[in-house]
Structure formats: C-alpha cells, structure tokens
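> I have a structure here, written as structure tokens, and I will follow up with some questions on it.
No value in this document is a laboratory result; all are computed from the given coordinates. In this text the structure is predicted, and so the values were computed from the model without any measurement. Counting neighbours? That spans all protein chains shown, and the Cβs are built from the backbone with ideal geometry, glycine included.
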Amino acid sequence: MRLLVTGGCGFIGSNFIRFILQKYEDYEIINLDALTYAGNPENLKDVQSHERYRFVKGRIEDRNLVRSLLNEVDCIVNFAAESHVDRSIADAQPFLATNIMGLYNLLEAARETGLGRFIHLSTDEVYGSLDDDDGFFTEDSPLSPNSPYSASKASGDLLVRAYMATHGFPAIIVRPSNNYGPYQYPEKFIPLMVTNLINGGRIPVYGRGDNIRDWLYVEDTCRALDRVLHEGSPGEIYNVGGGNERRNIDVVKAVLDLMGEGVEKIEYVPDRPGHDYRYAVGSEKIRNELGWSPEVGFKEGLERVVRWYRENEWWWRPLKERLEKESKGFWTDRK
C-alpha cells in the first residue's frame, strides 16, 4: 500500500509513520507537511533516509500539489491540523484556514482523483463537555464544540460527512481521546509539566485542576488507525478512548511523584475561558467491530513519557526556548 500522510511531522502523525514503516515491509509513505511551528522534521530524523519514505514540504491548501501526490498513492491519512486550544483562543484564523479550508482542498483533490480511502483524524473535543462524572459520548452524540479549535474540527467533520453523503466519498472519521507520548510538542499538558520540572520550574494548573480527561498513549492510537485503515468501513465514525480518565490535578501529582518532586511545584493559574469539564468517549464500536483495545496503561505510559523526555533533551529544548521567547500563555518554566 502507498500512503499519503498529511501533517506527518506532527506528534501523532510522526508516530504513525514510524509505526507503519516498522510493521509493514512493503508499504510506502509520502509525508506532506507545511512545517508550521508544531511540524518538526526532527520528529522523523531516524527515518528521513528510509527507502520507503519521502518528505514533501507543502500545505494541504495547495490543491495542485495535493492532486499530483494523490496520483502516486492509494489512500490519505490526514493528520494536518492546528490543534492547541489556547492558541485558538488567541487567534482562531489559522485553525479555520487549515482545519476547514485545507481539509476542503484535500477532499476535493481526493474526490477528483478517485482515491480509494480517506482516513480523517478528528478529536473527542468536537462533542463538547460532559457536565458530570457519568456517561460517555458515542459516535451518534451531537457535536457541541466549545473552543475555536474544537469548532474548527467539528466543522471539518461535518464537511467530511457531507462528502460521504453527497458524493459517496470513501472517508472514515476517527475521534481519539487525549493523546500523550514521545515527540509531543512541549506546550501540551504532560510534556509541559515534565520539561518544566527538568528545568527546575513549576507546573501551571488551570483553576483547581478538577477537569477530567481520558488519556490514550499514542502507540495505541496508531494501532487503532492501523485497524481502521485496513478493516474500517467507509462512511463510519470510530471513537477511540483510552479508558484512563483522570482529573488534571491527579495527572499533575502522578508526574510529580515520578519525578521526585512535591506539590510545592504546582502553580494554580486563572482558568481557561470556556474550559470543558470532562471529555469521555465510548470505544465499544471499534472494540466490537475491529477488535481494537488499548495496550498501554496510564502508569506505564506516563513512565515511558517521563523517561523519553529525560533522555531526549536535544529534541525538546530548542522548542522550549522558542516557546519562552513567544511569551504566550504559560508556555514557560514558571520559575
């Protein structure tokens, strides 16, 4: 199989490319990435000269470029997206440009070339917030996004759905819960904590840290996408939950324990505007239909993450320094 992976220099995309190249000896991958701030070619430094891998710098908004690449592949796995909530609050325009108009260009180019399969990575945030500690969102739950980021992703999902209904387009939407793992940009919650502590800094926590998220190790997301790519039914939506719900403050304390630090390292900061209380998606559909289930428990995954960031300062330290210069939000060491 020949794959076009868009946004493959990002966190989940780079892990997916590495996963596929290692698992399948006869698969070829073209990685199309614009190399925006979170698209880092260092994420794939170990495979950049791989004989079955090719990188192309470009934007998904460039339909002519996309169309030319589609003539070489069998399917698209689309990771290309702006994905940080705080950044979307500060400026929503890049999120609309990539997550809606860029996706539109991909869909049109794929439709025009008769592509056989289109896997679109979405997010559990499109469902909005659960207001209590019970229940789950299913694939049939209404979309009710609460941030500019999640609104742009929900809009993209509806566009994909419209193409499936109107054109019989062979797309599949995948909505995973919060991912964590190696190569995650250090503005994100878990790598932000780990790198701050390595630097001797503190951990910023919104409000009192009562918000609940379900954590999914990135390799398990790659396994789910692998199942969907090969066995998923076009026109379907699959939720992918980790089954690891934790309050933010409990994740903070788990990281502190792993790194031998105390609660004095916590710094409570004013809550994020429109901060969703709880995300939780049921994964019964992908479990029952495709036989997928997560393999990495939260304790094991967190230990892997802490160890990776400790051993790979060469990767994250330049990114951290760039974030400090930006001085946006609390993406600093909070010393």
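> Taking Lys45 as the anchor, which lysines have their alpha carbon closer than 16 Å to its alpha carbon, excluding any fewer than eight residues away along the same chain?
Lys57
> Let me ask another. Fully extended, how many nm does the chain gain between Asp74 and Trp314 (0.36 nm per residue separation, minus their Cα-Cα distance)?
82.8 nm
> Share of antiparallel DSSP beta bridges in the chain, in percent to the nearest 5?
Among the beta bridges of the chain, antiparallel pairing accounts for roughly 10 percent.
> Using a Förster distance of 30 angstrom, determine the FRET efficiency expected from the C-beta separation of Thr166 and Thr113, and round it to 0.05.
That pair, Thr166 with Thr113, gives E of 0.95.
> Also, I was wondering about something else. Using Cα positions and a limit of under 24 Å, work out the lysines in reach of Lys253, with same-chain residues fewer than 8 apart set aside.
Lys188, Lys265, Lys299, Lys320, Lys335
> Quickly estimate the mean residue ellipticity at 222 nm for the chain, helices only: each DSSP H run with n ≥ 4 gives -39500 (n - 2.57), and the total goes over all residues, rounded to 500.
-12000 deg cm²/dmol
> Could you work out how much longer the chain between Leu35 and Lys57 gets when fully extended? Use 0.36 nm per residue separation minus the Cα distance between them, nm to one decimal.
Result for the pair: 7.2 nm of gain on full extension.
> Another question, if that's okay. Taking only Cα atoms and a 10 Å spring cutoff, compute GNM fluctuations for the chain and point out the largest among Glu187, Glu321, Glu82.
Ranking Glu187, Glu321, Glu82 by mean-square fluctuation puts Glu321 first.
> Helices from the chain with mean Kyte-Doolittle at least 0.0 and a Cα length along the axis of 27 Å or more, per DSSP H: which?
none
> Here's something else I'd like to know. Among Ser283, Ser122, Ser233, whose mean-square fluctuation peaks in a Gaussian network model of the chain (Cα, cutoff 10 Å)?
Sorting by GNM fluctuation, first place goes to Ser233.
> In addition: Magnitude of the Cβ-charge dipole of the chain, K/R +1 and D/E -1, about the Cα centre, nearest 20 debye?
Around 740 debye, computed over the chain.
> Now for a separate question. Given a cut-off of under 8 Å on Cα pairs at least six residues apart, what relative contact order in percent is computed for the stretch 215-335?
Worked out over the stretch 215-335, it gives 35 percent.
> Can you tell which of Ile212, Ile12, Ile249 shows the greatest fluctuation in a Gaussian network model of the chain with Cα springs below 10 Å?
Ile249
> Hey, another quick one. Between the alpha-carbon centers of the stretch 29-43 and the stretch 126-169, tell me the distance in whole angstrom.
Rounded to whole Å, the Cα centres lie 26 Å apart.
> Suppose a student asked you for the relative contact order of the chain, using Cα pairs under 8 Å spaced at least 6 residues apart; what percent would you report?
Relative contact order, the chain: 18 percent.
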